[in-house]
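The values are calculated or read from the model by the stated rules, or taken from the named source; none is laboratory data. From a predicted model like this one, the values you see are computed outputs, not experimental measurements. Using ideal geometry, Cβ is built from the backbone for each residue, glycine included, and neighbour counts are taken over all protein chains shown.
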Amino acid sequence: MLVVGSIGYDTIYGPIESGTSLLGGSATYCSIAASNLTNVAILAVVGSDFKPEHFTTFKEHGINIDGIEQTFNEETFAWSVRYNHDDINSRETLDTQLNALATFNPQIKDVHKQEKILFLANMDPALQIQVIRDMGTRPQWIGLDTMNFWIDSTLETLTEAIRMVDIVFMDEGELRSYAQSNNVMVAAHEILKLGPSFVVAKRGEHGVILINEEWAFAVPAFPLTTVVDPTGAGDSFAGGFMGFLDSHNDISTAVFKRAIITGSIMGSFAVGALSTEGISHVTYANFNKRFNDFSILTQFDPLEPNETFPWK
């Protein structure tokens, strides 16, 4: 699986924990989450200030970092955010410094062209298009994430990118904004008309909906008593989802549904600690427990053939 996106340093002010110069970025969270399930290569750029121990973080997860370019005349992408103390789902971006990311020109190597899964994390849609074209042979599945900034500033280019992929990841607000519809299902089907097979509607603490032309599958967020840092939730979700697909040769409806559960669980681990600490220390045992707990959480018995519903 190839992940293309940002690696950066985050400054986070949260109601429970805060920190500066924390390892972050869309490709970071996504690749670490996916590395529990499949082999991952990462394509990104960092600056002269990128710390050797953070290269080690990727290596410790078995992530191929040959595609990480380090430029020594610029610093690493940096982002600063403050989360609302009363509603951690609400945040204020304090500062964004693109730095090396502003001139990022992804270089696809021959080894990358062999990947059957490509995930294009949130970045300029023009770069997403470039990566798809440079892959040569089209991957089996291409996923794309985006954000309101690109919807507002480069709508036509984003639409062109969407036409080229299989799975589109957006949160509810982004879907409504992109499709100019207040109804998430209507908005998702507008995107499906462009060519993708699936839309993943991220709903934060309310869960996620996987939508295609014929059916939809909704799951709640995994219930947690404490959310420390929601920064990497969506990217960790995408890593779990796409990584699960990459671990299966025969991708059926059942596999897609389990992929949604897998992504949701990865996201639940990501928000449990500051920066990448939560997603970096997932074990098979604690993942498997949450997977089984999720099954219990969402399971109920339908009516037996000899039963009727108590209807007045």
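Scan (1) within 25 Å of Thr283 (Cβ to Cβ); (2) assigned to a strand (DSSP E or B) for the single condition Val200 breaks and write down its number.
(1)
Among what's in the range 197-210 and is over 19 Å from Ala161 (Cα atoms) and in contact with a strand residue (DSSP E or B) (Cβ under 9 Å, 6 or more places away or on another chain), pick the residue that is modelled with the lowest pLDDT.
Checked the range 197-210; the qualifying residue modelled with the lowest pLDDT is Gly204.
Listed residues Leu120, Leu155, Leu144; which is modelled with pLDDT of 95 or more and surrounded by fewer than 21 Cβ atoms within 10 Å (Cβ to Cβ)?
Just one listed residue meets the conditions, Leu155.
Mind checking which pairs have a first residue in the range 246-268 that is surrounded by 14 or more Cβ atoms within 10 Å (Cβ to Cβ) and a second that is part of a loop (DSSP other than H, G, I, E, B) and among the hydroxyl-bearing types (Ser, Thr, Tyr), Cβ under 8 Å, 6 or more apart or different chains?
That search, which allows pairs on different chains as well, returns Asp246/Thr38; Ser247/Thr38.
Taking into account only those residues within the range 281-312 that are within 22 Å of the chain's Cα centre (by Cα), hydrophobic (A, V, I, L, M, F, W, C) and assigned to a helix (DSSP H, G or I), which is surrounded by the fewest Cβ atoms within 10 Å (Cβ to Cβ)?
Phe291
Residues in the range 43-63 that are surrounded by fewer than 21 Cβ atoms within 10 Å (Cβ to Cβ) and either modelled with pLDDT under 95 or assigned to a strand (DSSP E or B) (or both): how many?
0
Go through the residues of the range 113-131 one by one and say whether even a single one is out of contact with any Phe, Trp or Tyr (no Cβ under 8 Å at 6 or more places or on another chain), more than 30 Å from Asp49 (Cβ to Cβ) and either in a strand (DSSP E or B) or of a type in the set (Gly, Ala, Ser) (or both).
Checked against the condition, which is being out of contact with any Phe, Trp or Tyr (no Cβ under 8 Å at 6 or more places or on another chain), more than 30 Å from Asp49 (Cβ to Cβ) and either in a strand (DSSP E or B) or of a type in the set (Gly, Ala, Ser) (or both), the range 113-131 yields no hits at all.
Taking the residues in the range 46-65 that are within 18 Å of the chain's Cα centre (by Cα) and free of Cβ contacts under 8 Å to residues at least 60 places away in the same chain as candidates, determine which candidate is farthest from Glu277 (Cα to Cα).
Looking at the filtered set, the residue picked out is Ile63.
So Asn99 passes all but one of these: (1) more than 19 Å from the chain's Cα centre (by Cα); (2) crowded, with 16+ Cβ neighbours inside 10 Å; (3) within 24 Å of Ile142 (Cβ to Cβ). Which condition number does it fail?
For Asn99, the exception is condition (3).
Among residues belonging to the range 158-189 that are of a type in the set (A, V, I, L, M, F, W, C), over 11 Å from Val199 (Cα atoms) and in contact (Cβ under 8 Å) with a residue 24 or more places away in the chain, point out the one that is surrounded by the fewest Cβ atoms within 10 Å (Cβ to Cβ).
Met164
Which residue out of Phe222, Phe269, Phe244 is in contact with a helix residue (DSSP H, G or I) (Cβ under 8 Å, 6 or more places away or on another chain), among the aromatic types (Phe, Trp, Tyr) and farther than 26 Å from Asn89 by Cα?
After applying the criteria, what remains is Phe244.
Those residues that are among the hydrophobic types (A, V, I, L, M, F, W, C) and either within 17 Å of Leu43 (Cα to Cα) or touching a strand residue (DSSP E or B) at 6+ places or on another chain (Cβ under 9 Å) (or both), I need them from the range 73-111; list them, please.
Correct list: Phe77, Ala78, Trp79, Val81, Leu94, Leu98, Ala100, Leu101, Ala102, Phe104, Ile108, Val111.
For the subset of the range 10-24 comprising residues that are surrounded by 17 or more Cβ atoms within 10 Å (Cβ to Cβ) and out of contact with any His (no Cβ under 7 Å at 6 or more places or on another chain), which member is nearest to Glu53 (Cα to Cα)?
Looking at the filtered set, the residue picked out is Leu22.
Out of (1) in contact with a Leu (Cβ under 8 Å, 6 or more places away or on another chain); (2) over 30 Å from Thr225 (Cβ atoms), the odd one out for Asp110 is which?
Only one criterion is unmet by Asp110, namely (1).
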